[in-house]
């Protein structure tokens with residue numbers, strides 16, 4: 001029945017429903033004709049507080065709902081005690097039940113109204129029609145909220161892009177960059193001839209291969225410079241004697257990001273691209289990757305890694321934040337960016353250590369350990385020091401004597417790192433603490449006590465000491481230690497259970513009455529993205545990783561490994577990785593904005609400042625954290 | 001819906017003079033043992049040229065239907081009547097229907113016939129229904145000679161009867177809409193007001209079920225009782 005005055009127009013109420021739909025994703029991306037079809041076929045229902053909207057007993061789901069006003073909460077009863085708990089909340093503009101409707105099965109969750117609630121719904125045939133005809137709608141139904149993640153990521157990028165300019169994604173596979181047919185030679189070729197060949201081809205490097213075209217070394221113009229300057233030998237020396245052996249290799253499927261990380265970490269400017277049998281097929285240089293992008297990650301890493309004074313290091317740290325902006329602009333996701341920050345932090349830590357060894361070598365071989373977020377390679381711009389020393393006791397010395405030499409050294413390093421922007425650890429978890437400067441045997445004893453005496457304090461420390469990594473020095477002593485620690489934890493079900501119990505104490509900030517639960521220790525309207533958002537993932541994943549012998553400390557890596565081992569369902573692992581990355585991305589964007597405003601960095605954000613899409617996705621991410629905690633509860637019968 | 005009305009007009013024209021249609025108009029249903037959860041209820045709102053039923057006229061009709069506890073958006077009525085001769089200067093500021101819209105409106109006779117057919121004799125609910133009843137009955141009588149009485153129920157009366165403790169700060173549609181947090185898309189647009197009234201009716205029906213008010217008869221009894229209670233409390 002169309003109103004006469006505007007014949008072509010739709011009835012007022014249909015138009016009003018379309019206006020409402022347009023304010024919410026995915027409807028905001030749908031065609032008007034599809035929205036009109038939705039509006040004309042919708043019916044509106046009312047549910048009073050606590051009314052059941054959908055129940056597992058109703059049989060296969062027949063309708064698709066969207067909350068017009070009010071809230072719906074999902075309830076499930078826990079297997080162990082039959083108590084009901086709220087598993088999710090759906091508020092205005094959100095849809096349900098997607099999985100059950102698409103799977104043509106009953107819902108597994110009781111949907112109940114929270115307060116006076118109106119829902120619009122469409123019947124199955126209308127749903128099917130829209131599903132088949134509207135791409136944004138289908139995409140949303142199939143991928144759920146994760147389809148909206150792309151929109152957020154795009155916005156984060158375009159925001160950062162605006163200040164940088166240029167485009168080109170770091171996800172691009174290396175084969176697109178790689179120079180085909182790189183210049184090669186055999187190891188017996190004299191340097192003079194090799195350099196002549198480089199000159200003829202106007203390239204800066206040559207790859208030395210064996211008979212099967214496996215790269216065995218690389219020689220660059222920089223090597224030539226060093227060779228001449230340091231008089232390492234005559235120019236007719238066979239190149240095999242002066243080349244850099246075991247060059248960095250990646251397969252063609254690896255992306256530009258991996259190559260950039262490898263270059264930044266090892267200060268190489270060239271990487272060999274090889275096939276599955278390690279035969280050379282191409283070559284990628286730093287210039288190839290970054291000439292268009294002006295992202296000077298490799299250069300920055302090299303400058304940090306070769307700085308000769310602490311002063312220089314301190315000044316270089318300001319470039320890191322600029323780089324993060326650039327990285328976000330070039331399509332690095334939050335996982336990539338935290339790795340970049342961690343890599344640059346590692347380079348800085350290494351350089352501080354090297355400079356101090358040069359000045360005042362304690363003369364004892366040691367491994368510099370990092371714990372916590374740095375151990376997990378999950379550092380953002382806001383970071384403090386969590387480090388320790390693992391040393392080998394030389395013959396004829398006691399461990400205390402070693403400490404006497406190492407502690408003053410560590411003390412200086414801690415102080416200098418603080419000057420570089422790594423805040424001193426308030427809990428004194430630093431290498432200069434005699435309790436954290438230990439021999440392999442002492443560390444092992446320390447972990448035995450840690451695991452056996454699961455005191456509340458120890459559980460607090462678990463987030464620090466069970467995520468560790470070697471940043472400097474030999475890695476073998478740490479590997480040996482980790483093997484023992486992991487084996488012990490795998491055997492100790494009680495310790496696992498206590499860790500699990502500890503991991504679920506921090507609930508994601510979702511409650512049944514409000515959209516967000518605000519940080520208990522923060523300001524009224526503030527949400528702590530690190531403690532309330534990321535920590536539930538980090539802690540739950542750690543328990544699963546330790547219990548299943550996953551040695552990695554990085555949370556995303558751990559999730560991948562756990563999916564590989566079949567501990568996590570691949571779909572779950574994927575959803576959790578996405579959710580975790582998203583919270584991290586929002587946190588990093590907030591940090592960049594604080595830097596721009598010259599404010600001190602903090603992990604608090606005001607959810608009211610977020611746009612509705614971010615808010616909704618953040619809430620969905622917290623819901624995923626809740627699911628992960630539920631898995632922990634089921635596994636450990638908490 | 002556009003198709004539906006076109007079909008209907010076609011049928012009307014094909015059926016020659018319209019005489020037979022007038023004879024087969026639906027008979028209004030009385031409030032008996034129909035279950036609230038099953039029967040179809042019309043929720044209606046009129047815009048008029050003024051408040052005096054003796055001299056003012058209906059210029060817009062908006063209505064939705066409630067069936068099985070839901071408002072189906074495909075089952076609604078949203079028409080402006082063709083009344084170029086009417087003086088609307090008094091109310092044009094309220095409902096926003098100017099002379100131009102009125103000249104393009106539907107022939108009143110067609111529109112009212114269509115309305116009767118669409119309502120199908122079902123009970124009519126409205127906010128302060130006495131007003132709408134007077135205007136609609138007058139229009140039906142004058143235009144079509146139709147005098148059969150529909151069952152009318154006042155939503156303004158149902159709400160306080162079922163939500164006696166609600167602090168609404170007033171008895172108007174706006175007060176109750178605010179109380180339930182409704183967003184009325186275009187206040188004083190007949191169809192939008194009808195929808196808001198219907199949304200409030202859904203809340204009433206929900207509450208009625210919980211109070212064992214299951215049928216139209218039960219509802220009438222409840223309202224009678226409420227009226228008596230109100231009268232007792234009245235001074236004098």
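Selection of region A:186-216 for residues being surrounded by 13 or more Cβ atoms within 10 Å (Cβ to Cβ) and on the phi > 0 side of the Ramachandran plot yields only A:213.
Only a single item in (1) under 18 Å from residue A:335 (Cα atoms); (2) out of contact with any strand residue (DSSP E or B) (no Cβ under 8 Å at 6 or more places or on another chain); (3) modelled with pLDDT of 80 or more is not met by residue A:603, and it is number (2).
Okay, residues lined up against (1) out of contact with any strand residue (DSSP E or B) (no Cβ under 9 Å at 6 or more places or on another chain); (2) crowded, with 18+ Cβ neighbours inside 10 Å:
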site: B:128; (1), (2): no, no
site: B:145; (1), (2): yes, no
site: B:150; (1), (2): no, yes
site: B:153; (1), (2): no, yes
site: B:180; (1), (2): no, yes
site: B:183; (1), (2): no, no
site: B:187; (1), (2): yes, no
site: B:201; (1), (2): no, yes
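For region B:184-217, residues that are assigned to a helix (DSSP H, G or I) and without any contact (Cβ under 8 Å) to a residue 12 or more places away in the chain total 1. Only one of the numbered conditions (1) without any contact (Cβ under 8 Å) to a residue 24 or more places away in the chain; (2) within 14 Å of another protein chain (Cβ to nearest Cβ) is not met by residue A:126, and that is (1).
Residues checked against (1) crowded, with 21+ Cβ neighbours inside 10 Å; (2) at pLDDT below 90; (3) within 14 Å of another protein chain (Cβ to nearest Cβ); (4) closer than 30 Å to residue B:208 by Cβ:
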position: B:39; (1), (2), (3), (4): no, no, no, yes
position: B:63; (1), (2), (3), (4): yes, no, yes, yes
position: B:68; (1), (2), (3), (4): no, no, yes, yes
position: B:76; (1), (2), (3), (4): yes, no, yes, yes
position: B:92; (1), (2), (3), (4): no, yes, yes, no
position: B:96; (1), (2), (3), (4): no, yes, yes, no
position: B:122; (1), (2), (3), (4): no, no, no, yes
position: B:133; (1), (2), (3), (4): no, no, no, yes
position: B:140; (1), (2), (3), (4): no, no, no, yes
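Every test in (1) in a loop (DSSP other than H, G, I, E, B); (2) within 27 Å of residue A:18 (Cα to Cα); (3) more than 12 Å from chain A (Cβ to nearest Cβ) is passed by residue B:181 save one, and that test is (3). Return yes or no: is residue B:222 under 21 Å from residue B:37 (Cβ atoms) and within 14 Å of chain A (Cβ to nearest Cβ)? No; evaluated as a whole, the condition is false for this residue. In region A:349-362, the count of residues that are within 22 Å of the chain's Cα centre (by Cα) and under 28 Å from residue A:258 (Cα atoms) is one or more. Among the residues of region A:1-22, the ones that are at pLDDT below 85 and more than 7 Å from every other protein chain (Cβ to nearest Cβ) come to 5 in all.
Flag: residue A:115 does not match the condition of being at positive phi and away from chain B (no Cβ under 14 Å). Scanning region A:201-231 for residues that are within 19 Å of residue A:284 (Cα to Cα) and part of a helix (DSSP H, G or I) yields A:201, A:221, A:222, A:223. Selection of region A:34-63 for residues being more than 14 Å from chain B (Cβ to nearest Cβ) and over 19 Å from residue A:19 (Cβ atoms) yields A:54, A:55, A:56, A:57, A:58, A:59, A:60, A:61.
Residues in region A:304-337 that are at pLDDT 80 or above and crowded, with 22+ Cβ neighbours inside 10 Å: A:304, A:313. Filter region A:236-265 for residues that are loosely packed, with under 14 Cβ neighbours inside 10 Å and without any contact (Cβ under 8 Å) to a residue 60 or more places away in the chain and give the result. Scanning region A:236-265 gives A:236, A:241, A:245, A:246. Here residue B:186 meets the list (1) more than 15 Å from residue B:71 (Cβ to Cβ); (2) within 8 Å of another protein chain (Cβ to nearest Cβ); (3) under 14 Å from the mean Cα position of the chain (by Cα) almost entirely, failing just condition (3). Scanning region A:428-460 for residues that are part of a loop (DSSP other than H, G, I, E, B) and within 19 Å of residue A:390 (Cβ to Cβ) gives A:428, A:429, A:430, A:431, A:432, A:433. Restricting attention to region A:618-631, and to residues there that are more than 12 Å from residue A:87 (Cα to Cα) and crowded, with 24+ Cβ neighbours inside 10 Å, which single residue is modelled with the lowest pLDDT? Looking at residues that are more than 12 Å from residue A:87 (Cα to Cα) and crowded, with 24+ Cβ neighbours inside 10 Å, I get A:618.
From the list A:480, A:500, the lone residue that is surrounded by fewer than 21 Cβ atoms within 10 Å (Cβ to Cβ), in contact with a helix residue (DSSP H, G or I) (Cβ under 8 Å, 6 or more places away or on another chain), modelled with pLDDT of 90 or more and assigned to a helix (DSSP H, G or I) is A:480. The criterion of being part of a loop (DSSP other than H, G, I, E, B), without any contact (Cβ under 8 Å) to a residue 40 or more places away in the chain and under 16 Å from residue A:372 (Cβ atoms) does not hold for residue A:414. Could you say whether any residue in region B:162-176 is surrounded by 19 or more Cβ atoms within 10 Å (Cβ to Cβ) and either on the phi > 0 side of the Ramachandran plot or within 14 Å of chain A (Cβ to nearest Cβ) (or both)? The answer is yes, given that some residue of region B:162-176 is surrounded by 19 or more Cβ atoms within 10 Å (Cβ to Cβ) and either on the phi > 0 side of the Ramachandran plot or within 14 Å of chain A (Cβ to nearest Cβ) (or both).
May I ask you to say which residue of A:55, A:91, A:121 is surrounded by fewer than 21 Cβ atoms within 10 Å (Cβ to Cβ), more than 25 Å from residue A:509 (Cα to Cα) and in contact (Cβ under 8 Å) with a residue 24 or more places away in the chain? Checking each option against the conditions leaves just A:55. Of the residues in region B:139-159, how many are over 19 Å from the mean Cα position of the chain (by Cα) and outside any loop (DSSP other than H, G, I, E, B)? The number of residues fulfilling the criteria is 0. When each of A:150, A:139, A:125 is tested for being at pLDDT 55 or above, part of a helix (DSSP H, G or I) and not assigned by TED's automatic domain parsing to the domain that holds residue A:22, the lone residue that passes is A:150.
Is it fair to say residue A:345 is surrounded by fewer than 19 Cβ atoms within 10 Å (Cβ to Cβ), part of a helix (DSSP H, G or I) and on the phi < 0 side of the Ramachandran plot? Here the answer is no, as residue A:345 does not meet what is asked.
The values are calculated or read from the model by the stated rules, or taken from the named source; none is laboratory data. As the structure is a prediction and not an experimental result, all values here were calculated from the model. Every residue, glycine as well, gets a Cβ built from its backbone with ideal geometry; the counts of neighbours run over all protein chains shown.
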